[in-house]
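Data first, discussion second: the structure below is written as structure tokens.
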């Protein structure tokens, strides 16, 4: 069998011919292939024990990982066909025993193990330490659900603890600008390394120490965010001082450390855990457009409900009215009794008058002038006595009526004034709300962002270029006024058979919120 090793024909230890160098020349590919064969021949079948570090699963289906201990790291690869047949799936922090062959990857001048079998050998040191710390903190009650605070529905100020140079803060700011722009205060920290835990815990305590009415406003909600990474990269968020600082925070806290599959101890103690920094921004604020639509929908539903209520009450009144008897039927019997009584009353009055006249004639016939005078005097005295008593009673009653009337008039005046003021306040608030809604829906707010409204000679808006013709008069409305214009025709310039190519719109920068400074 021929030997393909380029070093096989070189006599080691023998001097070269005169005029030639002492070392043979090889191409890069030749020396790489020689090293590859040497490693594969020497370590064609090995078993290696270690802890899984980085685990990557690209779309190709292969698995790339790091096998490490406390002093070295060995790269490994599991081809797609082998990965589908493994009894366990590789996970970061898992201690395993792998079987395979050592080979090289000439494209990057590094060696690696091609894994053919994998079996668990125990948990890694970091994972064991993390689990032990998690159980200890959980036993203290730091992860209890009753310690968690509710997030504010619409915070005025949002505090972010993250690195100011990474993509995390840009994702958060972009998402907040899309949903509901709010003022953001960034506390810059290192998100990995030895100083990470101290800086993050100091940032959380610093935000809580701010005064609500100070020069730097106190945030209504905090976001602790970092991008994805290995367990070593995220270890700063597993430190005990970070967990205790998050648990002692009076401000509701959202943790967004790593990707959706990454869990750190701050996720257990936070008031809300978001799988990504972008999701944290989504949970911090609602969608402004949806909120406006919800308010408008509730207003429309309220108006429809009132209309249905009034229509239902009106129908019920009409139905009840149809069930009542006619007024003529109710008053007919009473009218008949009244007519009968009035006829009898006339006859009775005549009979009574005749009876008293007869008695008066009989009485006057028996009276003498002296008796008559005495009777008149007694009647006059009784009349005067009763008139004096009646006058005193009327005077007292009149004063009481006047006092009571004045008191009720004062009460009604005060109640009327308060009712009028409340009504004016309600109408004023409704008018302000309608004015703000009209302003938000008005096209003039769009003109302020650089757009213009084009009208034809009749004042109708022009929406398409096909609605115009050369020589037509136009009116263009800007934010600060209107100008007249005319479409150029053959008389105004050279004719062109090709339509003008529309220029692509230049992207606009999002408007900065009030009081929000430039971060970068």
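Mind counting the residues in segment 154-205 that are over 19 Å from residue 235 (Cα atoms) and in a strand (DSSP E or B)?
First, pick out the residues of segment 154-205 that are over 19 Å from residue 235 (Cα atoms): 154-160, 164-165, 167, 169-187, 205.
Still in the running and in a strand (DSSP E or B): 157-160, 183-187.
Selection size over segment 154-205: 9.
(1) under 30 Å from residue 154 (Cα atoms); (2) at pLDDT 90 or above: which one isn't true of residue 290, the others all being true?
(2)
For segment 441-448, indicate whether the set of residues that are part of a loop (DSSP other than H, G, I, E, B) and over 23 Å from residue 296 (Cα atoms) is non-empty.
Step one: list which residues in segment 441-448 are part of a loop (DSSP other than H, G, I, E, B), which gives 442-443, 448.
Narrowing the set further to residues that are over 23 Å from residue 296 (Cα atoms) leaves 448.
Checked against the condition, which is being part of a loop (DSSP other than H, G, I, E, B) and over 23 Å from residue 296 (Cα atoms), segment 441-448 yields at least one hit.
Please state which one of 301, 322, 326 is farther than 30 Å from residue 210 by Cβ, surrounded by 10 or more Cβ atoms within 10 Å (Cβ to Cβ) and over 21 Å from the mean Cα position of the chain (by Cα). Lay out the reasoning, then the answer.
On the way: 322 fails: surrounded by 10 or more Cβ atoms within 10 Å (Cβ to Cβ); 326 fails: surrounded by 10 or more Cβ atoms within 10 Å (Cβ to Cβ).
Of 301, 322, 326, the one residue that is farther than 30 Å from residue 210 by Cβ, surrounded by 10 or more Cβ atoms within 10 Å (Cβ to Cβ) and over 21 Å from the mean Cα position of the chain (by Cα) is 301.
Restricting segment 85-102 to residues that are surrounded by fewer than 18 Cβ atoms within 10 Å (Cβ to Cβ) and modelled with pLDDT of 85 or more, which is farthest from residue 48 (Cα to Cα)? First the steps, then the outcome.
If we filter segment 85-102 for residues that are surrounded by fewer than 18 Cβ atoms within 10 Å (Cβ to Cβ), which is where we start, we get 85-89, 91, 97, 99, 101.
Then keep just the ones that are modelled with pLDDT of 85 or more; that gives 97, 99, 101.
Values: 97: 6, 99: 7, 101: 10 Å.
Restricting to residues being surrounded by fewer than 18 Cβ atoms within 10 Å (Cβ to Cβ) and modelled with pLDDT of 85 or more, the top hit is 101.
Can you confirm whether residue 438 is within 30 Å of residue 478 (Cβ to Cβ), outside the structural domain of residue 479 (by TED's automatic domain parsing) and loosely packed, with under 10 Cβ neighbours inside 10 Å? Spell out the reasoning first.
On the way: within 30 Å of residue 478 (Cβ to Cβ): yes; outside the structural domain of residue 479 (by TED's automatic domain parsing): yes; loosely packed, with under 10 Cβ neighbours inside 10 Å: yes.
Yes.
Return the residues of segment 206-229 that are in a loop (DSSP other than H, G, I, E, B) and either touching a residue at least 24 places away in the same chain (Cβ under 8 Å) or not assigned by TED's automatic domain parsing to the domain that holds residue 170 (or both); say none if nothing qualifies. I'd like the intermediate steps shown before the answer.
Within segment 206-229, the first condition is being in a loop (DSSP other than H, G, I, E, B), and the residues that meet it are 210-220, 227-229.
If the condition is that a residue be in a loop (DSSP other than H, G, I, E, B) and either touching a residue at least 24 places away in the same chain (Cβ under 8 Å) or not assigned by TED's automatic domain parsing to the domain that holds residue 170 (or both), then 216, 217, 218, 219, 220, 227, 228, 229 are the ones that fit.
Inspect segment 371-393 for any residue being touching a helix residue (DSSP H, G or I) at 6+ places or on another chain (Cβ under 9 Å), exposed (fewer than 10 other Cβ atoms within 10 Å of the Cβ) and at negative phi and give the result as yes or no. Walk me through it before giving the result.
Kept after step one, since they are touching a helix residue (DSSP H, G or I) at 6+ places or on another chain (Cβ under 9 Å), are these residues of segment 371-393: 372.
Those left that are additionally exposed (fewer than 10 other Cβ atoms within 10 Å of the Cβ): none.
Looking through segment 371-393, none of the residues is touching a helix residue (DSSP H, G or I) at 6+ places or on another chain (Cβ under 9 Å), exposed (fewer than 10 other Cβ atoms within 10 Å of the Cβ) and at negative phi.
The values are calculated or read from the model by the stated rules, or taken from the named source; none is laboratory data. Nothing here was measured: the structure is a model prediction, and the numbers come from that model. Glycine also receives a Cβ, built like all others from the backbone with ideal geometry; neighbour counts cover every protein chain displayed.
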